[in-house]
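Student: I have a structure here, written as structure tokens, and I will follow up with some questions on it.
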Amino acid sequence: MHFKLIVVMVEDHHTSEILAASREEGATGATVLNQARGEGLSPTKTFLGLSVGNQVDVILMLVEEHLSRHVLEKIAEVGKFDETSGTGIAFQVDVEDAIGVRHQISALTETVEDRI
């Protein structure tokens, strides 16, 4: 079984809905890194050297390769990434090896077989 790493950077108040949508599409878990900062086309505003932008969460998900594109598209839809500038970004990266996911493989096998 092969996996993709989906990395999502999203404003922290959208994290819960992104996680829920990802699970609906087949993601089996995630790691959330809190209190990151991001900067897009325009630099973030500062006040006396302190950033006044929103906090960003970084979400990391290992997703089975046959499900990953569906998860990525659902994240973009729920987060409105392509509709509104500055709402977030998501991308996927090939994973060569993964350890610690053996207990998820039996559940994933059924899910993947049903979808392909």
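Student: Going by how many other beta carbons lie within 10 Å of each one, how would you line up MET1, MET61, MET9, fewest first?
Tutor: Fewest-to-most Cβ neighbours within 10 Å comes out as MET1, MET9, MET61.
Student: Here is a further query. Quick one: order ARG102, ARG69 by neighbouring beta-carbon count within 10 Å, fewest to most.
Tutor: Exposure proxy ranking, most exposed first: ARG102, ARG69.
The numbers here are math on the coordinates, done by the rules we state, and not lab data. Being a predicted model, the structure only gives us computed values, none of them experimental. Cβ: placed from backbone, ideal geometry, glycine included. Neighbour counts: every protein chain shown.
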